[in-house]
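What follows is calculated from the coordinates using simple rules that are stated; it is not laboratory data. Quick caveat, the model's predicted, so the values are computed rather than measured. Ideal geometry is used to build each Cβ from the backbone, glycine not excepted, and the neighbour counts take in all protein chains shown.
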Amino acid sequence: MSLRVDPTFREALAAARRPLIGMWVCSGSPLVAEICAGSGLDWLLVDAEHSPNGLESLLAQLQAVHGYPVTPLVRPPVGDPVVIKQYLDLGVQNLLIPMVDTAEQAAAMVSAVEYPPRGIRGVGSALARGSRWNRVPDYLRTARETVSLYLQIESAEAVGNVEAIVSTPGVDGVFIGPSDLAASMGVLGEQDHPEVVAAVEHCLRVAAAAGVKVGLNAFAPALAQRYLTAGADFILVGADVQLLARGSERLAAEFIGETS
C-alpha cells in the first residue's frame with residue numbers, strides 16, 4: 001500500500017492569504033490537543049521545551065490532531081540532532097527549534113533534518129512512523145520535502161545575527177520569542193518594552209526583505225495586532241494551559257469571590 005504524508009507548514013504558509021493564527025498546546029494531553037485542533041485555528045505548537053512531553057505523549061497528540069484542519073508544529077527541548085532524528089522518525093513534519101543564535105547553529109539544524117550526503121539524519125525509515133513504515137513511496141529521496149524547519153530568534157545575539165540566520169539555505173522560517181528576548185536584553189518579563197518591540201520589528205523587516213516567513217508569540221491582543229500589521233506571517237495568541245488557568249480563576253472569582 002502506498003501512502004502520503006500531510007502537507008507541511010511551509011506549504012500552508014505559501015498558500016495562505018492572511019497570517020496564520022495558532023495557539024500553544026502545553027498540557028501533554030491528546031484530548032486537549034484534539035479539542036484545540038477542532039477550534040478553527042490554523043496551527044498548533046505542541047511544546048516539549050517547557051512542557052511535560054516525551055516521545056509517547058507527542059505521538060499520541062500527533063495522532064489525536066490528525067485529520068483536523070490544523071497544522072501541528074512541535075518544539076523539542078533543544079536543537080540536538082539525536083532528538084530531531086527521533087522526532088522526524090516519530091512523524092513530526094514541522095519543527096520549531098529553540099535558542100538558535102548564529103548562522104552556524106542554523107546550518108547545523110538544517111543538516112539534522114536531511115539525510116546524507118547533504119545532512120546527518122540517521123536512516124531508520126523502515127522502522128518509523130515518519131515514512132509510514134516505508135509505505136510512503138521513495139521516502140528516503142523525498143523526505144526533506146515532507147519536513148519544514150523553523151528556528152527561534154530569542155536572544156540579543158540572535159537579533160544581531162538575524163540577517164545571517166534567515167539567509168541560511170534550508171531554513172523555512174524564523175519565530176521570534178519575545179519572552180526570552182526580553183530577558184536577554186535585561187528587561188525580564190517586559191515583552192512590551194520599547195527596545196524589545198523594536199528588536200522584534202527589526203527581525204520582521206529583515207525576514208521579509210529576505211523572503212523568509214516569520215512568526216512570533218504575542219498573547220497581549222494589542223501587541224499581537226501590532227505585529228500582524230508589521231508583517232508577521234504566523235503568530236501564537238494563546239495556550240491551552242493559559243486558557244484553563246484564567247478560565248478557572250474567573251469561575252472562582254464569580255462564584256466564590258475574593259479569598260484571603
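I want to confirm something. Restricting to region 195-214 and keeping residues that are more than 16 Å from the chain's Cα centre (by Cα) and within 20 Å of VAL237 (Cα to Cα), which single residue is surrounded by the most Cβ atoms within 10 Å (Cβ to Cβ)?
Filtering region 195-214 for residues that are more than 16 Å from the chain's Cα centre (by Cα) and within 20 Å of VAL237 (Cα to Cα), the one surrounded by the most Cβ atoms within 10 Å (Cβ to Cβ) comes out as VAL200.
On the basis of being within 27 Å of ALA209 (Cα to Cα) and without any contact (Cβ under 8 Å) to a residue 24 or more places away in the chain, does GLY79 make the cut?
Answer is no for this residue.
Would you pick out the residues in region 123-150 that are more than 15 Å from GLY170 (Cα to Cα) and not in a loop (DSSP other than H, G, I, E, B)?
SER125, ALA126, LEU127, ARG129, GLY130, SER131, TYR139, LEU140, ARG141
Assess whether GLU190 counts as being among the acidic types (Asp, Glu), part of a loop (DSSP other than H, G, I, E, B) and surrounded by 15 or more Cβ atoms within 10 Å (Cβ to Cβ).
yes
For region 219-260, what are the residues that are surrounded by 15 or more Cβ atoms within 10 Å (Cβ to Cβ) and either in contact with a Pro (Cβ under 9 Å, 6 or more places away or on another chain) or of a type in the set (Ser, Thr, Tyr) (or both)?
LEU223, TYR227, LEU228, ALA232, ASP233, PHE234, ILE235, VAL237
Can you tell me which residue among ALA239, ALA252 is over 18 Å from SER167 (Cα atoms) and in contact with a Cys (Cβ under 8 Å, 6 or more places away or on another chain)? Break it down into steps so the answer makes sense when it comes.
Working: ALA252 fails: in contact with a Cys (Cβ under 8 Å, 6 or more places away or on another chain).
Only one candidate qualifies: ALA239.
Hey, among the residues in region 132-151 that are crowded, with 23+ Cβ neighbours inside 10 Å and touching a Phe, Trp or Tyr at 6+ places or on another chain (Cβ under 8 Å), which one's nearest to ASP89 (Cα to Cα)?
Only one residue tops the list, namely SER148.
Please tell me if LEU3 is in a loop (DSSP other than H, G, I, E, B), within 30 Å of GLN225 (Cα to Cα) and aliphatic (A, V, I, L, M).
No.
Every residue in region 36-61 that is in contact (Cβ under 8 Å) with a residue 60 or more places away in the chain and assigned to a helix (DSSP H, G or I), please.
CYS36, LEU59
Yes or no: ILE120 in contact with a Pro (Cβ under 9 Å, 6 or more places away or on another chain) and either farther than 22 Å from ALA48 by Cβ or assigned to a loop (DSSP other than H, G, I, E, B) (or both)?
So ILE120 passes the test.
Step by step: first the residues of region 1-55, then only those that are touching a strand residue (DSSP E or B) at 6+ places or on another chain (Cβ under 6 Å) and of a type in the set (Asp, Glu), then the one that is surrounded by the most Cβ atoms within 10 Å (Cβ to Cβ). Which residue is that?
Only one residue tops the list, namely ASP47.
Which residues, counting only those in region 17-30, are out of contact with any helix residue (DSSP H, G or I) (no Cβ under 7 Å at 6 or more places or on another chain) and not in a loop (DSSP other than H, G, I, E, B)?
In the first step, residues of region 17-30 are kept if they are out of contact with any helix residue (DSSP H, G or I) (no Cβ under 7 Å at 6 or more places or on another chain); the result is 17-18, 21-22, 29.
Within region 17-30, ILE21, GLY22 meet the criteria.
Taking the conditions exactly as written (without any contact (Cβ under 8 Å) to a residue 40 or more places away in the chain and assigned to a loop (DSSP other than H, G, I, E, B)), does GLU254 satisfy them or not?
When the stated conditions are applied, GLU254 does not pass them.
Out of the residues in region 69-98 that are over 12 Å from the mean Cα position of the chain (by Cα), in a loop (DSSP other than H, G, I, E, B) and among the hydrophobic types (A, V, I, L, M, F, W, C), which is surrounded by the most Cβ atoms within 10 Å (Cβ to Cβ)?
Checked region 69-98; the qualifying residue surrounded by the most Cβ atoms within 10 Å (Cβ to Cβ) is VAL70.
What about ALA14, is it free of Cβ contacts under 8 Å to residues at least 12 places away in the same chain, small (Gly, Ala, Ser) and not in a loop (DSSP other than H, G, I, E, B)?
Yes.
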